[in-house]
1. Do we have any residue at all in segment 145-168 that's farther than 24 Å from F6 by Cα, among the charged types (D, E, K, R) and touching a strand residue (DSSP E or B) at 6+ places or on another chain (Cβ under 9 Å)?
2. Is at least one residue of segment 37-50 surrounded by 15 or more Cβ atoms within 10 Å (Cβ to Cβ) and in a strand (DSSP E or B)?
3. Just checking, how many residues over segment 62-109 are modelled with pLDDT under 95 and surrounded by fewer than 16 Cβ atoms within 10 Å (Cβ to Cβ)?
4. Return yes or no: is R54 within 16 Å of A155 (Cα to Cα), in contact with a strand residue (DSSP E or B) (Cβ under 7 Å, 6 or more places away or on another chain) and in a strand (DSSP E or B)?
5. Within segment 1-36, which residues are surrounded by fewer than 18 Cβ atoms within 10 Å (Cβ to Cβ) and in a strand (DSSP E or B)?
Amino acid sequence: MSSEDFTYADVGATREEHFCPPGFHPMNVRTRLGEGEEVFQRASEAVLTWEMHRAMGVGVDASAERAAPGVDVTVTLAGMIKAPCRVVWTLEEPRRTGWAYGTLTGHPECGEESFVVDRTGDGTVWLTVNAFSRPAKWYARAGGLATRGFQHAYARRCGNVLRNLATEGGEDT
């Protein structure tokens, strides 16, 4: 996978949870999903198979059924905005599962976003959405703070939808 295909230089940098390159806006949203191994396993599978994204009502066109480095993914918002990305890393450990994708040409933003499910020592299961981005298209630049607000709302919605999927009927707030 060539880093020259991406619209930013720090490919893979979301592995470091609070890293943000100069000129980009950071985002780190953590949502409690529930407790226990079963919740962790369900949440992990929903993240790795695009189920979380599809349950949010966004279109997902992926070149594979599971996240893996090099998989191309186009997320479609509101049936109009197409956001082409490529998975840059994945993680499957006993207590942590997730992946990140980076933006490709045509994406309204420039940067990287990760989705990591982790189970802490006390059994609590969390989703962390970590990203750094800056506008790439005129309409993302024109949106200013509203664009960043939308990104944070999207990350919070990821957590709420995943909680519902992982706990079979958990409250979707």
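1. yes
2. no
3. Adding up the residues that qualify gives 9.
4. no
5. H25, P26, N28, R30, R32, E35
The values are calculated or read from the model by the stated rules, or taken from the named source; none is laboratory data. Nothing here was measured: the structure is a model prediction, and the numbers come from that model. A quick note on method: Cβ atoms are made from the backbone with ideal geometry, for glycine too, and the neighbour counts reach across all protein chains shown.
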